[in-house]
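Novice: Sharing a structure, written as structure tokens. Questions coming.
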Amino acid sequence: MMTDDQIAESLRASNVEYRELEESHHRLDMELQQLLKHHVLTPQEEILKKQLQKDKLGRKDRMAALIREHRASFVRAGTPG
């Protein structure tokens with residue numbers, strides 16, 4: 001049975017949506033890290049922080065769903081994965 005990391009690597013190579021989600025997740029993480037460098041956030045920055053966190057989580061959830069779908073397709077096909 002393939003691990004999640006192995007499936008993610010396979011999806012990086014074969015699935016455009018997964019790659020785009022991963023890149024977007026990384027960009028959001030970088031934006032969030034930049035924002036969190038401020039010692040005190042303005043109300044607008046707090047809203048931005050929450051939105052970045054929500055968007056980042058949404059992408060992570062979709063990536064996890066793609067991994068589950070990939071694993072399920074192997075199970076249906078009767079191949080280890």
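Novice: Residues in the range 32-44: is at least one in contact with a Pro (Cβ under 6 Å, 6 or more places away or on another chain) and hydrophobic (A, V, I, L, M, F, W, C)?
Specialist: no
Novice: Ok, one more. Looking at the range 37-60 only, could you name the residues that are of a type in the set (D, E, K, R) and farther than 21 Å from Glu20 by Cα?
Specialist: Selection gives Lys37, Glu45, Glu46, Lys49, Lys50.
Novice: Being over 25 Å from Asp4 (Cα atoms), out of contact with any Pro (no Cβ under 8 Å at 6 or more places or on another chain) and touching a residue at least 12 places away in the same chain (Cβ under 8 Å) is the requirement here; does Lys49 meet it?
Specialist: So Lys49 passes the test.
Novice: Also, I was wondering about something else. Enumerate the pairs (first residue in the range 16-38 and closer than 13 Å to Leu57 by Cα and among the hydroxyl-bearing types (Ser, Thr, Tyr); second residue anywhere and assigned to a helix (DSSP H, G or I) and at pLDDT 95 or above) with beta-carbon separation below 7 Å, excluding pairs fewer than 6 apart on the same chain, so at least 6 apart or on different chains.
Specialist: Ser24/Arg59
Novice: For residues that are in contact (Cβ under 8 Å) with a residue 12 or more places away in the chain and not charged (D, E, K, R), scanning just the range 52-63, find the one that is nearest to Met1 (Cα to Cα). Break it down stepwise before answering.
Specialist: Of the range 52-63, the ones in contact (Cβ under 8 Å) with a residue 12 or more places away in the chain are 52-53, 55-56, 59-60, 62-63.
Adding the requirement that they be not charged (D, E, K, R) leaves 52-53, 63.
Numbers: Leu52: 34, Gln53: 32, Met63: 19 Å.
Of everything passing the filter in the range 52-63, Met63 is nearest to Met1 (Cα to Cα).
The values are calculated or read from the model by the stated rules, or taken from the named source; none is laboratory data. In this text, all values refer to a predicted model and were calculated from it rather than measured experimentally. Cβ: placed from backbone, ideal geometry, glycine included. Neighbour counts: every protein chain shown.
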